[in-house]
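The values are calculated or read from the model by the stated rules, or taken from the named source; none is laboratory data. Bear in mind that the values here come from a model prediction, so they are computed numbers and not experimental data. Every residue, glycine among them, receives a Cβ derived from its backbone with ideal geometry; neighbour counts consider all protein chains shown.
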Amino acid sequence: MEDRFKYREDREAYSAARVKALEALLIQKGVITAKTVDTVLDFFETKMGPFNGAKIVARAWVDPAFKARLVADTPKAVAELDLPEGMAGAEGEHMRAVANSDDVHNLIICTLCSCYPWPVLGLPPYWYKDPTFRSRAAREPRAVLREFGLSVPDRTEIKVWDSSAQIRWFVVPARPAGTEGMTQTELEALVTPEAMMGVAVAKAA
Ligand code: FE
């Protein structure tokens, strides 16, 4: 079962070489300029990434009223915070947050392709696009989560949310125990992309 998640060992170098070749061709044909790819990469490294999601989740942890608003109307609640311009665009127009509790653990996937809330999570990892992950996560989420190292208690329901062009989900993980005295900024450091995808939980450092 495990090797179905495996990719070729040199996947990073292989992908990088393909991207370089494509970029060179697009520049040569005048479709993009020499700076276009760097500009896009910089955007996802500095403006749109999991650091935004971490801010949103940490705020939800310290402010239950904000958390309620976040779940009720995600784009509106996100707009309350001091986040980079464009949070509502770039695949973030239709974001919805779902909150974990003792009763429910949420998992986000895209069964069709790789829909993902870019403004709060950045670009999706390789495995998120893997057809085996996509189908198995829908069919047997508890088993898949166990393979990620996450044992969800039997009494906790697992809800799987299928992202699409219409709705892009992200998870508000539960605030870890023992973090009562932490500031919002300190809490942000505990919020991982994996926890916001639902393949992990947030843990006290
Ligand atoms: Fe998709």
Restrict the check to the range 112-119 and report whether at least one residue is more than 15 Å from the ligand (Cβ to nearest atom), closer than 30 Å to Glu12 by Cα and within 18 Å of the chain's Cα centre (by Cα).
yes
Restricting the range 128-141 to residues that are surrounded by 15 or more Cβ atoms within 10 Å (Cβ to Cβ) and more than 14 Å from the ligand (Cβ to nearest atom), the one modelled with the lowest pLDDT turns out to be Arg136
I'd like the full set of residues that are away from the ligand (no atom under 16 Å from the Cβ), surrounded by fewer than 17 Cβ atoms within 10 Å (Cβ to Cβ) and not in a strand (DSSP E or B), limited to the range 156-173.
Thr156
Among the numbered conditions (1) more than 16 Å from the ligand (Cβ to nearest atom); (2) within 19 Å of the chain's Cα centre (by Cα), tell me where Glu180 comes up short.
(2)
Among the listed residues Pro153, Pro176, Pro75, Pro124, identify the single one that is part of a loop (DSSP other than H, G, I, E, B), under 17 Å from Met48 (Cα atoms) and free of Cβ contacts under 8 Å to residues at least 60 places away in the same chain.
Pro124
